[in-house]
Amino acid sequence: MTRSELVEALAERRGVSRDQAEAVVDVFFGQLQHALQSGGRVELRGFGSFRVKQYGAYQARNPQTGEPVAVAPKRLPAFKPAKHLREALAVQVGVGPLVADEGEGEE
């Protein structure tokens, strides 16, 4: 789903104008971005949570030349789906509910 599809769906389902729906979507994503930029965490119950993960600097290799390349530290957004969402997706593909580490390592 794209941002414009989300705006259209909101406008149709709530019976508001496209401009009003776009304003709501803009506020939502703006607040999400602001919370993450300020180091906060955003939790949407039943859907998942967003947070910022910090990665330290490390040495990598250029795959074409094999030369070492210094990678600077960085901060990246991370999403962790809620248990309800994970289970709904697992059932959707016929896998059934997810069970952590059940039967792992047994033969």
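Is it the case, given these coordinates, that Val42 is closer than 30 Å to Gly30 by Cβ and β-branched (Val, Ile, Thr)?
Yes: the conditions hold for Val42.
What single numbered condition from (1) out of contact with any Lys or Arg (no Cβ under 9 Å at 6 or more places or on another chain); (2) not in a loop (DSSP other than H, G, I, E, B) fails to hold for Ala78?
(1)
Regarding Pro81, is this residue at pLDDT 95 or above and farther than 29 Å from Arg3 by Cα? Step through it out loud before you land on a result.
Numbers: at pLDDT 95 or above: yes; farther than 29 Å from Arg3 by Cα: no.
No; evaluated as a whole, the condition is false for this residue.
Do we find a residue being assigned by TED's automatic domain parsing to the domain that holds Arg86, under 19 Å from Pro77 (Cα atoms) and of a type in the set (Phe, Trp, Tyr) anywhere in the range 24-37?
No, every residue in the range 24-37 fails to be assigned by TED's automatic domain parsing to the domain that holds Arg86, under 19 Å from Pro77 (Cα atoms) and of a type in the set (Phe, Trp, Tyr).
The values are calculated or read from the model by the stated rules, or taken from the named source; none is laboratory data. Everything numeric here is computed off the predicted structure, so don't read it as measured data. Every residue, glycine as well, gets a Cβ built from its backbone with ideal geometry; the counts of neighbours run over all protein chains shown.
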